[in-house]
Every structure is written in C-alpha cells, then in structure tokens.
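Everything below concerns the one structure shown next.
The values are calculated or read from the model by the stated rules, or taken from the named source; none is laboratory data. Given the structure is predicted, the values throughout are model-derived calculations rather than measurements. All Cβ positions, even for glycine, are placed from backbone atoms using ideal geometry, and neighbour counts span all protein chains on display.
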Amino acid sequence: MRIGFIGVGFMGRHMARNLLNGGHELTLFDIRKGSAEELLAMGAQWADSPRAVAEACGVVFTSLPRPQDVEEVATGEGGILSGAAPGSVVFDLSTTDPETISRIAAQAEARGVSVLDAPVSGGTVGAEDGTLCIMVGGDREAYDRYESTLALIGNQVMYCGPLGSGAICKITNNFIGLSLGVLLAEAFTLGVKAGAPPETLFDAISRSTGSTRSMQGMPNGLFAGNFEPGFQLDLAAKDVGLATEMARRLHVPLELGNIVQQRYIEGQNRGWGRLAAGAVAQLQEERAGVQVRSQPDG
C-alpha cells in the first residue's frame, strides 16, 4: 500500500520508519527535507507539498506539533484536501483539539474524504519501538480498514468512538501525565532536601502506592540533569493549554490545572521550550534550593 506521511520530526520519523519496515511504500513531506533523509535512504519518496502527498496516496497520516499546523496542512492552499480524491482517508496522529479536527473533517466530508483523529501516546521510545497507544475517533469502517496499518506504529490501537473521541482521551491523558510531572518535582525536592538520595526515593516509591509511570524516566532525565527531548516543553505547554481551554468551554473548574499550566508557561519564558518537558522541574528545584541529582559513585 502507498501511504502518505506528513511530519517526520521527533515522533513522526519513527512511525514512518515502522510503516516502511512493515512493507508499505511511503510518500513524505515535511517543512524540513533534511528530517526525511534517513527515510528517503530507506526507499521513501519525497513530495513537494501536502497536496502532492494526497494526490499520490489514498491514505495520509499527519504528525504535527500544533492544531493550527494540522489545520493549515489539511485545508490551506496546497493542503491535503486540495489533492485528496474522494474515498481517501486522513489520520491525524497529532494531539489536536476536538473543535479543530471537527472543522477539518467538515471540509473533508464535502470532498468525500474521511478524517479521523488518532493521537498517540508513548513518547519517542514508544514511537521507535512501535509500542504506542493510538486512540482513534471517527468513522468505524475506516478505522477497521486500516487497523492493521495502525498496528505497525502502535501495539495498543483502540477505537474510542465518534470523531473527536481520540482527542478527548489523549488530552485528558496528557493533562494527567504533565500535571504529575509538576507534582513529582515538588515531592522529590521535598524528599531530597529532607536527606534521602533520589535513587532511594525512587526505589521506595516504585514499590509503594505513589508509583506512577510518569516518574519512570526520572533516573535518566531529572536525576542525570538530562533534559534533551523527547517530548518538548513547548508541546507540554500546548497540551496542558488544550486541557484548560476544553475545561473553560465546558465550564469545568481546573484549579490545579491552571497552576500546572502556569508552570509550563514559566518554563517557556525561561527559554526551555525546546528542552524535554521534564525541564519544568528546575523551577521547583530553584524554589526549594535543592537539586534532585544522582550522586557520583564513591
């Protein structure tokens, strides 16, 4: 099958590679052609625009940073919908809010094109290993038709319901995980300043009720002072913002969520936007007057 793939950055390049390794032919587009060099060397084809990708392929995947990027790539001049034939299918693997995906889908439907939201969770490691969770919303027939293709990029593919359902699940998931990142920074600065080494805290908590998947990256991240992305703080701020905006629209109070959003925005204001989302912990380290770092042996 010839598949189109638009956006081969931190996440997209791994997902696209897994599709290639699964025996499919790929046509790629990214605003930086250099991002696609490895995939092109593996046999993928390059297209000069999203429109050209859609003209060459009956199914197109998008993996892009922001909802406005997704909308522009889909509906803008030279976008996917300007080249997609009736019967084509578009899966948006990005974290896009339900309102944006609904606007895109409405324009697509008028052209006989199906759009499904299919955000992924699992980070760059999950993208590389093909172990992502993919939360899909939209036309069930289109989902069933391409479920085996989705399974090449994620081993936990699930149908969540009508259009927008995948986005709702993903935004809620990221809101939890990113909020826990702020809480974990507070907890570990407390424990370390009280006298426990971070590794001891990690081991004890991992065996107890405070254990959470969100802290599993801390030994190679915060404890090592390693804030290389991964999932960038800019994207974390965007995702928390999607949650708080959805809450405002639905009149759901998010008192803790608003505090969390402020922390990520402050991290952006410090110039940390392109660092890993875990860099937000440095704000708490400064306030607490302690660093959560592994001690050298001996």
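Let's see how each residue does on (1) surrounded by 19 or more Cβ atoms within 10 Å (Cβ to Cβ); (2) in a helix (DSSP H, G or I); (3) at pLDDT below 95:
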| residue | (1), (2), (3) |
| --- | --- |
| LEU116 | yes, no, no |
| ARG145 | no, yes, no |
| SER148 | no, yes, no |
| GLY154 | yes, no, no |
| GLY166 | yes, yes, no |
| LEU183 | no, yes, no |
| THR189 | yes, yes, no |
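Taking region 274-298, which residues are assigned to a loop (DSSP other than H, G, I, E, B) and surrounded by fewer than 18 Cβ atoms within 10 Å (Cβ to Cβ)?
Narrowing region 274-298 to residues assigned to a loop (DSSP other than H, G, I, E, B): 274-275, 289-298.
ARG274, GLY289, VAL290, GLN291, ARG293, SER294, GLN295, PRO296, ASP297, GLY298, listed by residue number.
Inclusion of GLY12 among residues that are on the phi > 0 side of the Ramachandran plot and either at pLDDT 95 or above or polar (S, T, N, Q) (or both) is not warranted. Residue count for region 255-298 satisfying the condition of being touching a residue at least 60 places away in the same chain (Cβ under 8 Å) and closer than 30 Å to ILE101 by Cβ: 9.
Filtered by the rule that a residue be surrounded by 20 or more Cβ atoms within 10 Å (Cβ to Cβ) and more than 30 Å from SER88 (Cβ to Cβ), region 168-181 gives PHE175, LEU178, SER179, GLY181. Here is the figure for region 43-63: residues that are under 19 Å from LEU152 (Cα atoms) and of a type in the set (A, V, I, L, M, F, W, C) total 5. Quick check, is LEU250 surrounded by 15 or more Cβ atoms within 10 Å (Cβ to Cβ) and either outside the structural domain of ILE101 (by TED's automatic domain parsing) or more than 17 Å from THR95 (Cβ to Cβ) (or both)? When the stated conditions are applied, LEU250 does not pass them. Do we find that THR200 is more than 17 Å from GLU186 (Cβ to Cβ), of a type in the set (Ser, Thr, Tyr) and not assigned by TED's automatic domain parsing to the domain that holds SER63 in this structure? The answer is yes for THR200.
Scan region 191-219 for residues that are surrounded by 16 or more Cβ atoms within 10 Å (Cβ to Cβ), under 30 Å from PRO98 (Cα atoms) and of a type outside the set (Ser, Thr, Tyr) and jot them down.
Initial filter on region 191-219 (surrounded by 16 or more Cβ atoms within 10 Å (Cβ to Cβ)): 191-192, 198, 201-202, 205, 214-215, 217-218.
Narrowing further to those that are under 30 Å from PRO98 (Cα atoms): 214-215, 217.
Across region 191-219, the qualifying residues are MET215, GLY217.
Regarding ALA224, is this residue assigned by TED's automatic domain parsing to the domain that holds GLN282, of a type in the set (Gly, Ala, Ser), loosely packed, with under 14 Cβ neighbours inside 10 Å and not in a loop (DSSP other than H, G, I, E, B)?
Working: assigned by TED's automatic domain parsing to the domain that holds GLN282: yes; of a type in the set (Gly, Ala, Ser): yes; loosely packed, with under 14 Cβ neighbours inside 10 Å: yes; not in a loop (DSSP other than H, G, I, E, B): no.
Taking the combined requirement at face value, the residue does not satisfy it.
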